[in-house]
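Notes follow once the structure below has been shown.
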Amino acid sequence: MKYRLLALISCSFIMLSTLKAQQKDLVKYVNTLQGTDSNFGLSYGNTYATTAMPFAMHTWAAQTGKNGDGWKYQYSADRIRGFQQAHQCSPWMGDYAVYSLMPEVGKLVVNQDSRASKFSHKNEMAKPHYYKVKFDNGIITEIAPTMRGVHLRFTYPKNEDAYLVLDGYIDKSEINIDPTKRQITGWVNNQRFVNNASTFRSYFVIQFDKPFEEFGIWENNKDEIFAGKTSGSGKGYGAYVKFKKGAVVQAKAASSYISYKQAWITFNRELGKDKKIEMTMEKGAKTWNDLLNRVLVEGGTEEQMKTFYSCLFRANLFSREFYELDANNEPYYYSPYDGKIHKGYMFTDNGFWDTFRSQFPLTNILHPTMQGRYMNALLDAQEQCGWLPSWSFPGETGGMIGNHSISLLTDAWAKGIRTFDPERAMKAYAHESMNKGPWGGSNGRAGWKEYWQLGFVTYPESMGSTSQTLEYAYDDFCGYQLAKMTGNEFYENIFAKQMYNYKNVFDSKTGFMRGRDKNGKWLEPFNPYEWGGPYCEANAWHYTWSVFHDVQGLINLFGSDEKFTTKMDSVFTVPNIIVPGTYGGVIHEMKEMQLANMGQYAHGNQPIQHMIFLYSYAGQPWKTQYWSRQIMDRLYNSTEKGFPGDEDQGGMSSWYVLNALGIYSVCPGTDEYVLGSPLFQKITITTEDNKKFVIEANNNSKENIYIQSVSLHGKPLEKNYIIYSDIVNGGILHFEMGNQPNKSRGISKQAVPFSLSNNKF
């Protein structure tokens, strides 16, 4: 019996070792500093040094910018003033629920500018599960995150006094110090978009493993210090503690939007057993490697591997979980929409104008269970504040344009994620489409009356009117599509006409989508290079292609495939000149278009990112293949200058990931992914239920970018797309690649992806 037991243990050990050996260490390829060399005038990503778990409620980041500065971490900076609990999805939006910790030596300094310490990137390590920096003064800070907490370690030099300063950031806060238990607890209120701001609090609890030699409270408006005081509250209140010289201090922290009690429940669940930071690091590395290994790429260069997995990391940060787990592991949450506590799931920190195009279509492949919960959360949010979210942070901001919650809901349903009541979704969307809410341009509809009565939004009554018309038409298609898929004739009939409204802003004489006034006249003078006015963060060259749901209808407006593709060709060949228009000056999106040096192709912003795939609707799929690889190779890398514009909550990263796989979702709300040109020789996608979808690209290389032939599950594929079930049910998508285009494949109208005008639905 003893020998059998030993043999069993030995066998189990071998099996575990084998399984561990099969999983590759992909975390090593991730650079979380990708895109951080950004500023107000020029973005290479507008990212920050994010240390976090996938979709975590809180992230942690080194802070180089002043409190409240959207550019919280800039690669060009040489001083750090704190380490933040962070949530930021865009520097233009700021952050919320922030507090920071900063170690220092010598004398106590609380002022955020004066306490900032110099560092060098050569003494910095930035990975998803672990951040480490050694300051020039010898202090070492280490960070290992959990879903709702963090494990930190501060190593102080031996011969100087050791302090740690907690900064309560830019709004109301409360601080409590318990020196006997070596604890600091408190809450912060800083936020911009909580619809019941007075009830919003982020409760935090921090446990230290070393005693305090001194302690006190301070406030960051006048930098006034109250030595020995153990509690305080007000605007910008914080705390400080002193440790013995040369101390190595571990701090574990967790936060809750519900209560101190819930913060301690989370603390014990996520960090209670982790005596050393290495234990938290190991769990974090495993979590990320488990996820990254679900998209295993092979046959690329070292730089391609770094870029791909750095992008895959960012694609899995948003949306953040805003729910918590009670003592019985049941989900519940504080609602940023009505200020009440609810049972169930909630998600936040996402602007759907940025992410409906690529981030959600990717997440539907990798995380359908989470997406199912998310769709119900959207409808719960609508009931709690009266409007579907468009940009949540953490409540509704109304940012950007369009009503793209319906895109998310319809896309989920089309792909078999059917966890929500479609009648409830349609009713919510109908209200959204026929009313204007109190927050921003995309909370309800700016110009909704004109859109319904005239078939277009008028200018100058509504800024971005042409862009709004185009995006409303697509959203109305999604409303129509969801109604048709679920047999709801009432809502199907409501949106059946409006989804064609894109035609009302197309000027056949110029070949551009243009603005119109309330009398229906085209706006004059017209310059397709001019930004703003009837266009949102773009010009006519960019928005003319925004007909995701009816590309064939757009082709028909141009007159033929040839005229359509010739116009697309010209996007890349016309001058990359800038006419600022109503913006009054050059904004960063304009600069980024010029730097890309691809004519008027402005990949640094969302409106034109799908355009290259439209060649596959018009008989020239090889041009899709060419430009997909050109954009990946020329505009993306793994460095601090890694993106050609705002990364936008995983939107741009997801574009890269999907394109590297050789697919892209041109029309979310359908189940199709249009073929591009896969970047790697082999890609293995492992689904949530452990099925394998393998993408093979034989003879793939930097030169061999063109598809010669395709087979799906061993059968020839002439179509220029695959469907969602092809991926999630598992199988093999096989490409033969070459250095010259195959101009006889994928050119028939039977090969093209979905368009309303082809009556394929």
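The values are calculated or read from the model by the stated rules, or taken from the named source; none is laboratory data. From a predicted model like this one, the values you see are computed outputs, not experimental measurements. When we count neighbours, we look across all protein chains shown, and the Cβ atoms used for this are built from the backbone with ideal geometry, even at glycine.
Some observations on this one:
- Within region 591-605, the residues that satisfy the criterion of being buried (at least 20 other Cβ atoms within 10 Å of the Cβ) and within 18 Å of S570 (Cα to Cα) are M593, M598, Q600, Y601, A602, H603.
- The residue that is surrounded by the most Cβ atoms within 10 Å (Cβ to Cβ), counting only those in region 127-148 that are in a loop (DSSP other than H, G, I, E, B) and not acidic (D, E), is P128.
- Meets criteria (in contact with a strand residue (DSSP E or B) (Cβ under 8 Å, 6 or more places away or on another chain), surrounded by fewer than 20 Cβ atoms within 10 Å (Cβ to Cβ) and more than 27 Å from I341 (Cα to Cα)) for G216: no
- Residue in region 687-706 that is under 22 Å from the mean Cα position of the chain (by Cα), closer than 30 Å to A49 by Cα and modelled with pLDDT of 95 or more present: yes
- Selection status of I707, surrounded by fewer than 24 Cβ atoms within 10 Å (Cβ to Cβ) and out of contact with any Pro (no Cβ under 7 Å at 6 or more places or on another chain): no
- For region 461-487, the set of residues classified as touching a residue at least 12 places away in the same chain (Cβ under 8 Å) and surrounded by fewer than 19 Cβ atoms within 10 Å (Cβ to Cβ) consists of E461, K484, M485, T486, listed by residue number.
- Qualifying positions in region 577-615 - closer than 22 Å to S654 by Cα and over 26 Å from the mean Cα position of the chain (by Cα): Y615
- Taking (1) in contact (Cβ under 8 Å) with a residue 24 or more places away in the chain; (2) assigned to a strand (DSSP E or B); (3) not small (G, A, S) in turn, F226 satisfies each apart from (1).
- Yes/no for Y332 being surrounded by 24 or more Cβ atoms within 10 Å (Cβ to Cβ) and among the aromatic types (F, W, Y): no
- One residue stands out in region 296-326 among those that are aliphatic (A, V, I, L, M) and either within 18 Å of the chain's Cα centre (by Cα) or modelled with pLDDT under 95 (or both): the one that is nearest to Y131 (Cα to Cα), namely L317.
- Of residues in region 96-126 being outside any loop (DSSP other than H, G, I, E, B) and among the hydroxyl-bearing types (S, T, Y), the one surrounded by the most Cβ atoms within 10 Å (Cβ to Cβ): S100
- Tabulated pairs, region 400-421, first under 29 Å from G447 (Cα atoms) and free of Cβ contacts under 8 Å to residues at least 60 places away in the same chain, second among the hydroxyl-bearing types (S, T, Y) and in a loop (DSSP other than H, G, I, E, B), C-beta under 7 angstrom, 6+ apart or interchain: S405/S390
- Residue match in region 134-141 (condition: more than 26 Å from W218 (Cα to Cα) and aliphatic (A, V, I, L, M)): no
- Where a residue in region 541-563 is assigned by TED's automatic domain parsing to the domain that holds V666 and part of a helix (DSSP H, G or I) and its partner, wherever it lies, is among the hydroxyl-bearing types (S, T, Y) and crowded, with 19+ Cβ neighbours inside 10 Å, with Cβ under 6 Å and at least six apart: Y543/S467; Y543/Y535; V551/Y617; V551/S755; Q552/S755
- Of all residues in region 83-92 being of a type in the set (S, T, N, Q) and within 17 Å of the chain's Cα centre (by Cα), the one that is surrounded by the most Cβ atoms within 10 Å (Cβ to Cβ): Q88
- Reported count of residues in region 9-36, each being modelled with pLDDT of 95 or more and either of a type in the set (F, W, Y) or more than 29 Å from K306 (Cβ to Cβ) (or both), is 1.
- Hits in region 611-653 (condition: β-branched (V, I, T) and either outside the structural domain of H542 (by TED's automatic domain parsing) or farther than 21 Å from Y309 by Cα (or both)): I612, T624
- Filter result (polar (S, T, N, Q), more than 17 Å from the chain's Cα centre (by Cα), part of a loop (DSSP other than H, G, I, E, B) and under 19 Å from T639 (Cα atoms)) within region 39-82: T64, Q74, S76
- Only one of the listed residues (G402, G386) is of a type outside the set (F, W, Y) and under 23 Å from the mean Cα position of the chain (by Cα). That residue is G402.
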